[in-house]
Amino acid sequence: MNTVKDLIRPAGRALSLLMVAGLLAGCMTPTPYAPRTEGQQTGYTDRALTQTRYRVTFTGNSVTPRETVENYLLLRAAEVTRAAGYSAFMFDTRNTSANQTYDAVPYGPPGPYGGFRPGFGGWGGWGGWGGWGYPYDPAVDVIVRTNYEAYAEIVLLKPDQAARETRAINAADVIAHIGPDAVPAKPNRT
């Protein structure tokens, strides 16, 4: 027979999962606009392929929206263009991919009989750690996290080339429009 204490456990489990998710979400902030350093998985990279062709990437974390990742890629392409002494560029190739990771978060410790949690429903029954009373109810929550990575190869253009190319993007305009919205990395305090 289920007691009041057994009926409260599912609510307690849900509350504890909600608190853990809130704490994790509170710790996460969108990826700042900064270079990717060794050992990091987020930020921008760029590499010269030829004198007028560069590969540029920006990878965000799981709380960085796709639009922000793509804007930061565009901003980095404009900065690379200006640093190389050019005023315009165009995309030769460009793509954004979504990368997903999966984490299984257990509801709680196993019952006193190993994986079996006594209660209405047998395996993980009502009042146990295993769910709402269905014998096939999993004893874990699966959390899916998605982060985006934008990739492009850009071609730097001289002013006469930019005037003839309909796909040309003015680097100064991009920096003026997107640059102020870029969240810079916080300085390290040592």
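The values are calculated or read from the model by the stated rules, or taken from the named source; none is laboratory data. No experiment lies behind these values; they were computed from the predicted model shown. A quick note on method: Cβ atoms are made from the backbone with ideal geometry, for glycine too, and the neighbour counts reach across all protein chains shown. Heavy atoms of the whole protein, side chains included, go into the accessibility calculation; ligands, DNA and RNA do not. Shrake-Rupley method; radii C 1.70, N 1.55, O 1.52, S 1.80 Å.
What to note about this one:
- Some residue of segment 137-146 being modelled with pLDDT of 75 or more and within 30 Å of residue 48 (Cα to Cα): yes
- The lone exception for residue 39 - which of (1) modelled with pLDDT of 95 or more; (2) at positive phi it fails: (1)
- Counting only strands (runs of 3 or more DSSP E) that sit wholly inside segment 28-111, those with at least 2 residues that are open to solvent by 70 Å² or more (accessible area, probe 1.4 Å) and out of contact with any Cys (no Cβ under 8 Å at 6 or more places or on another chain) are 88-106.
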